[in-house]
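Notes follow once the structure below has been shown.
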Amino acid sequence: MIRNGAGSREKWKDAGLTVLCVVAAWAALSVCFDFYYDLNDDMAMKDILSGTYTGIPDGHNIQMLYPLGWLLAFCYRFMPTVPWYGVFLCGCQFLALQSCLFCVVSRLEGRGKKMAAAISLTAAALALFLYEFVFVQYTVTAALLVLAAMVRLFTCPSREAAGWRLLRQLITAALVGVAFYLRTEITLLLCPFLLLAAGWRIIKERQMLRGYAVFFLTTALLMGLGLAADGAAYASPEWRSFRQFFDERTRVYDFYGLPDYEKHRDFYDTIGIAEAEYTLLDNYNFDLDDEIDTKVMTQIADYAASHQEPGAARRLYLSVYTYLYRFTHGQELIFDLLTVFSYFFLFRAAVRRRQGQLFRCLVILLTLRTILWLFLLYRGRVPERITHPLYLAELIMLGLLFLQEGEAFGWKKYEKWAILSLYVLVFVCTAAVHTGKVREEYGGRETRNVQWQDWKAYCREHPQRFYFLDVYSTVAYSEKMFGDCSPAYRNFDLLGGWCVKSPLAKAKREAAECDSAQMALAKGRALFVADPMTKTWKADFLPAYYRETGTEILMQEVDTCGRFSVYGISEHK
């Protein structure tokens, strides 16, 4: 049975129960695994915030909005040995799960039902998102905060003291605001679900309109302030130029692809890109060439966009085809099964009981998910860190409709047990599959990252030198969130990470007395590092590039560190 509200004492009990469940879940995860940054993006953001990149904690970490970056950088300045970024991400995930549990549990009657619901929902969350809880990334974390806000909107009591209701809406707005500051794009992508959750409650209980108006106005204000502060923080000409470069680089590598050199040689000739320079773009080491700037990257992005093979109509057709193919061929089988079962039971109940409002809500939800999926497929960008939150938003909405309307369905006892058993079976299978996947990935990272730890130790043993790393020689490595928490400056950098050519990268080069990567390597002020066993490695790309610039060089292996070879470069007279 769903309650509309609960007494203050009962709320504290419910909060304690849900906190206990989430603490137990995180304790179990901590015993079984170490938490990892899933992607290089989070590692780079952590390095900038903590000061290991430039030597000074800095809030300009490029990806998140500046107010949040400034706050985390301030924490690093205050207590540099605390892994604040990792604590923040895990704390947000903890808060999101606890908030969802509390919103559901506080609407149930009976201590037994509350405990069963809290334990079951915690287990379900771990089963579905075990990978994302162990291998943490900021995009998913932001999405979880938005989904927690969605649950709070859907379950907001209509009969509650005005002060408590106002506080609830302000907290909900704060969750969305933090998510927006952390990862703006995923927050905007999931905002339609917030509108649907609020719209459903307003239709059911029109007195909710004023409370939700407070939420939306506060959320809009937080977003506006964040964007204004971020714009001011990146207002310098250097940062504006880099941000354009960053956006154009994203268009090329994440959406359109780098046009093949042989097929588009005439284009590259017109913008002054020779084959050796194209190779730097192809292997992502473009920081070597200072002439690959914002203008060049914009020209490449525009050209790639105008030469996409399918036209707009064809891409739309392919998006619809791929949407149906993914769904019918089980590319995300677990999520698809849960989605199909939920829609089936809810549509069936809505038709049998002639619940027009529920039927229309389901149609809107199905339409909404279709539009969002087609939008992602049309753009050609559907990584799991985006699709999984999209699935979860839909499943949470369906689950909330089950809770809200369940009593009106008139299901018999055996029907309830049959439906419950089906979901339990799916979640058990999900847990088994995801646990195996996480253990395999975890074991692989534990093995691979020994090399990365050895490399960082090598750099600490040679602080007087500076190293430039081949990008694709490093993509297999990641870092533990609470492992090496030293804020010490790192005397190495990638030749093509998304931070290169930024004011931060310039400051790092200047601190190492390197005018540019190209000159520093040629003059022997820095060393080049690569893994020759990498499949994409081509040893002749550096001599070919320098030859294109009019300089002959000699590359000589001067040291090794595990799989990494350290090369000294000198000009050949």
Original post:
What distance in nm separates the simple spin-label points at Phe375 and Phe74, each placed 7 Å from Cα in the Cβ direction?
Top reply: 3.3
Subject >> Equivalent-ellipsoid semi-axes of region 170-212, from the Cα gyration tensor, Å, largest first >> reply: 23, 12, 5
Subject >> Leu527 long-range amide H proximity, modeled H, under 5 Å >> reply: Phe466, Tyr467, Phe468
Original post:
At a 1.4 Å probe, what is the % contribution of carbon and sulfur to the accessible area of the chain?
Top reply: 62
Original post:
With every protein chain present, what is the per residue accessible area of region 387-466 (1.4 Å probe, Å²)?
Top reply: 52
**OP:** At 1.4 Å probe size, with every protein chain present, just tell me what the per residue accessible area of region 282-331 comes to in Å².
**Re:** 57
Original post:
How high is the relative contact order of the chain, given as a whole-number percent (alpha carbon pairs under 8 Å, six or more residues apart)?
Top reply: 18
Subject >> Net charge over other residues, Cβ less than 13 angstrom from the Cβ of Tyr256 (K, R count +1; D, E count -1) >> reply: -1
**OP:** Rank-order 123-131, 338-346 by packing density, defined as the average count of other C-beta atoms within 10 Å over each peptide's residues, highest first.
**Re:** 123-131, 338-346
**OP:** Figure the gain on full extension for Ala488 and Arg265 (residue separation times 0.36 nm, minus the Cα-Cα span) and round it to one decimal in nm.
**Re:** 75.8 nm
**OP:** Can you pull the one-decimal nm distance between simple spin-label points at Arg465 and Lys413, each 7 Å off the Cα toward Cβ?
**Re:** 7.6
Subject >> Burial ranking of peptide ranges 105-116, 295-306 (average Cβ count within 10 Å, highest at the top) >> reply: 295-306, 105-116
Original post:
In the P(r) worked out for region 150-271, what percent of Cα pairs fall beyond 26 Å?
Top reply: 44
Subject >> Pair Thr551, Arg314: separation of 7 Å Cα→Cβ label points (nm) >> reply: 4.3
Original post:
So in the chain, what percent of DSSP beta bridges are antiparallel if you round to the nearest 5?
Top reply: 60
Original post:
In region 397-472, which trypsin sites (Lys or Arg not before Pro) are in a loop and have at most 13 other Cβ atoms within 10 Å, using DSSP for the loop call?
Top reply: Lys412
**OP:** Take the alpha-carbon centre of region 474-524, take the same for region 183-251, and report the distance between them in whole Å.
**Re:** 32
Original post:
With a sphere of radius 11 Å drawn around the Cβ of Tyr268, what net charge do the other residues whose Cβ falls strictly inside it have (Lys, Arg +1; Asp, Glu -1)?
Top reply: -4
**OP:** List, in order, the whole-Hz ³J(HN,Hα) value for each residue of region 258-265 obtained from phi through the Karplus relation with A = 6.51, B = -1.76, C = 1.60 and θ = phi - 60°; use x for Gly and Pro.
**Re:** 7, x, 4, 5, 5, 6, 10, 4
**OP:** Rounded to the nearest 0.05, what FRET efficiency do Ala15 and Glu238 give with R0 = 45 Å and r taken as the Cβ-Cβ distance? Could you check?
**Re:** 0.45
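The values are calculated or read from the model by the stated rules, or taken from the named source; none is laboratory data. Note that the coordinates shown come from a computational prediction; the quantities given were computed from them, not determined experimentally. Don't worry about glycine lacking a Cβ; one is built from the backbone with ideal geometry, like all the others, and counts go over all protein chains shown. What goes into the accessible areas is simple: the full protein's heavy atoms, side chains included, and nothing from ligands, DNA or RNA. Shrake-Rupley method; radii C 1.70, N 1.55, O 1.52, S 1.80 Å.
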